[in-house]
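To keep things clear, I will list the structure first and then write my remarks on it.
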Amino acid sequence: MIYWCDKCKEPVFDKKSHELSCSGRLKKLSEGSICNPVFLQERKLLSKIVGRDLTDKQIWYFGSSRYLFDGEVQRISYVEWYKNNEHLKYAEELRNDIEVERDYSAYMGVVKANEAYIKGLVFEAEKYVLDTYTEFSTGKYEDNKYIPTVSFSGGKDSTVVSRIVRDALQDNTVIHFFGDTTLEFRETYEYVTQKFKQENRMVPMIPSETENDFFKLAKVFGPPSQHERWCCTIFKTSNLNKELENLPGNSLSFLGIRHSESLARKGYERTQEHSKISSQINAMPIIEWTDYDVWLYILYKNLIINDCYQYGYKRVGCWCCPNNSDWSMMLTEIYYPDDMQKWKEMVYAFAIKTGKTDPDDYYKEGRWKTRRGASGLKVKNVTIMDTACNLSDTARNIIIDKKLNIDVLELLKPFGDLKIVEKKDATYIQVYDNDKTGEYRKCFELIITYGTNVIKVLPEERIDVTNLVNRIKCQMRKYQFCIRCSACDSVCPHGAIDTIHGKYKIDEAKCQHCKKCIAKFYNGCIICDKVAGKKES
Ligand code: SF4
Ligand code: SF4
Ligand code: SF4
Ligand SMILES: [Zn+2]
């Protein structure tokens, strides 16, 4: 809830704490939880939209095209203006004269009017950080060392968490991991490597970058859509895993995730022991914070932020994300015309490849954002056949679609230790592993002749044949379809899988045969999901 105090002449977020120190009358302004400062550069754009000069006013954004200025909430609608390409008329002018406000003194009125409130929030968040850290470094956790880290994206939420964590732990050397999706705005890189750095010299910032090329993969998968967010797995989780391995302990990762960001995040617990990346604890100090809490904190602590917020972006993430609003798209067309052009060409090429009748419409109306399936890959049959084999009652022949070569051995490693004997006629592989009782013994044998398409499987009597065959099929689909998207790398809790450096490789020194990698993705490999002939809706 947001109020207006007629004495302070500022928005007020918490009635009770404000009334303790001020006798002004409070009038309700908005039921919402958004109240962002509108910085000068965005005010210039708003001025263009409304056709009069708003640059000298103090403006707050309330969400849904509502702005607070001159003491009241006013609607500024940009949609028609944008659809008519009016923004392109002013793009060059805006781009060539970027002004960034670093002095927040004009906003101190709002901080003063909400001081008791923000102090309470900060106290609670810092206490949570300290308590969580204490919990994971004592008692039953004492032996597994947990090292506090901050997951840093260059966005406002992680900027806030960075400061809260360092203040709470009284330690400016907490390690920050910057997960570079390679799709960040130029300003984000500038912020992470220079601006943030200059004001926070002690903070170690470790970049983790993917070696995948987004545009190359987009040619295979199609542009990401709200339903086909293939890039998140590949570009967001896989790299951090590798960096975390280098920590001399487990990571207690502090994240800037908040409930109010999206419905999907509503159910998140504040502290999570099981995350995508194992041996990692995720802790979210500002999980209950609203947008105005975050902005209030930024102003209160005088934190330097990513310049994108000055342009008017409400969120800063991948510049071409299908979840970006039209408002963001408009800003990107204004401030990053070259990137947008490249993106447009990619979407057009995809539209043509997948037989869209009107590629122009497909792009302009943002239809690519909502597509389901139909990645543009040729539909393939991902079924792998198996037949009975004469060698024993339970033996099976698994028939795959690609000639076997020595690379297939990598994909067998999760099953156990491989004892390989090369004979004249074939390669004989005995697979040893601990079974349920903990006894280490042979589980099954494989016979492979390189250059053919058949794997013979001879399970020991106690083994569930169907289950084993299905698992081998999952691995064979990886063998057939892997384009080294690196999603598998992030699945392995022991960092044993490496698909980035040329081939699908499993390091047997690291592999614990936990088998988590085998059926993590539908049919064994992300690609199978895409090529298995889903219909577009
Ligand atoms: S573009 Fe969107 S969907 Fe893709 S990685 Fe970035 S945030 Fe995730
Ligand atoms: S097997 Fe599939 S999911 Fe795994 S890295 Fe290769 S392409 Fe990605
Ligand atoms: S997930 Fe990793 S450790 Fe587990 S079986 Fe696969 S490669 Fe081995
Ligand atoms: Zn007041």
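Is it the case, given these coordinates, that residue 53 is of a type in the set (D, E, K, R) and free of Cβ contacts under 8 Å to residues at least 12 places away in the same chain? Yes; evaluated as a whole, the condition is true for this residue.
Residues satisfying the criterion are absent from region 106-114 (criterion: over 16 Å from residue 296 (Cβ atoms), in contact (Cβ under 8 Å) with a residue 24 or more places away in the chain and assigned to a helix (DSSP H, G or I)). Consider region 1-28 and keep the residues that are under 21 Å from residue 62 (Cα atoms) and hydrophobic (A, V, I, L, M, F, W, C). The one that is modelled with the lowest pLDDT is 1.
The residues of region 477-513 that are within 25 Å of the chain's Cα centre (by Cα), assigned to a loop (DSSP other than H, G, I, E, B) and of a type in the set (S, T, N, Q), listed by number, are 486, 499. Per the listing 438, 451, 495, 502, the residue uniquely away from ligand 3 (no atom under 16 Å from the Cβ) and farther than 30 Å from residue 393 by Cβ is 502.
Test residue 464 against the stated conditions and say whether it is within 16 Å of ligand 1 (Cβ to nearest atom) and on the phi < 0 side of the Ramachandran plot. So residue 464 fails the test. Would you call residue 70 surrounded by fewer than 20 Cβ atoms within 10 Å (Cβ to Cβ), of a type in the set (Asp, Glu) and more than 24 Å from residue 291 (Cα to Cα)? For residue 70, the condition - surrounded by fewer than 20 Cβ atoms within 10 Å (Cβ to Cβ), of a type in the set (Asp, Glu) and more than 24 Å from residue 291 (Cα to Cα) - is not met.
Return the total of residues in region 154-165 being crowded, with 24+ Cβ neighbours inside 10 Å and not in a helix (DSSP H, G or I). Residues flagged as crowded, with 24+ Cβ neighbours inside 10 Å and not in a helix (DSSP H, G or I) within region 154-165 amount to 1.
Within region 117-130, being loosely packed, with under 14 Cβ neighbours inside 10 Å and within 25 Å of residue 6 (Cα to Cα) holds for 119, 120. If you check 474, 443, which single one turns out to be closer than 23 Å to residue 386 by Cβ and assigned to a strand (DSSP E or B)? Exactly one residue qualifies, and that residue is 443.
Just so you know, in region 9-31 the residues that are crowded, with 17+ Cβ neighbours inside 10 Å and within 16 Å of residue 74 (Cβ to Cβ) include one that is farthest from ligand 4 (Cβ to nearest atom), and it is 30. Is it the case that some residue within region 314-324 is assigned to a loop (DSSP other than H, G, I, E, B), among the aromatic types (Phe, Trp, Tyr), under 24 Å from the mean Cα position of the chain (by Cα) and buried (at least 19 other Cβ atoms within 10 Å of the Cβ)? Yes, the conditions are met somewhere in region 314-324. Summed over region 135-145, the residues that are without any contact (Cβ under 8 Å) to a residue 12 or more places away in the chain and either surrounded by 11 or more Cβ atoms within 10 Å (Cβ to Cβ) or in contact with an Asp or Glu (Cβ under 8 Å, 6 or more places away or on another chain) (or both) give a count of 3.
Restricting attention to region 166-196, the residues that are closer than 19 Å to residue 254 by Cα and in a helix (DSSP H, G or I) total 6. In this structure, does residue 469 turn out to be within 16 Å of ligand 2 (Cβ to nearest atom), part of a helix (DSSP H, G or I) and out of contact with any His (no Cβ under 8 Å at 6 or more places or on another chain)? So residue 469 fails the test. Hand me the list of strands (runs of 3 or more DSSP E) wholly inside region 5-94 holding 2 or more residues that are among the aliphatic types (A, V, I, L, M). Counting at least 2 such residues, we get 26-30.
The values are calculated or read from the model by the stated rules, or taken from the named source; none is laboratory data. A quick note: this is a predicted structure, and the numbers were derived from the prediction, not measured. All Cβ positions, even for glycine, are placed from backbone atoms using ideal geometry, and neighbour counts span all protein chains on display.
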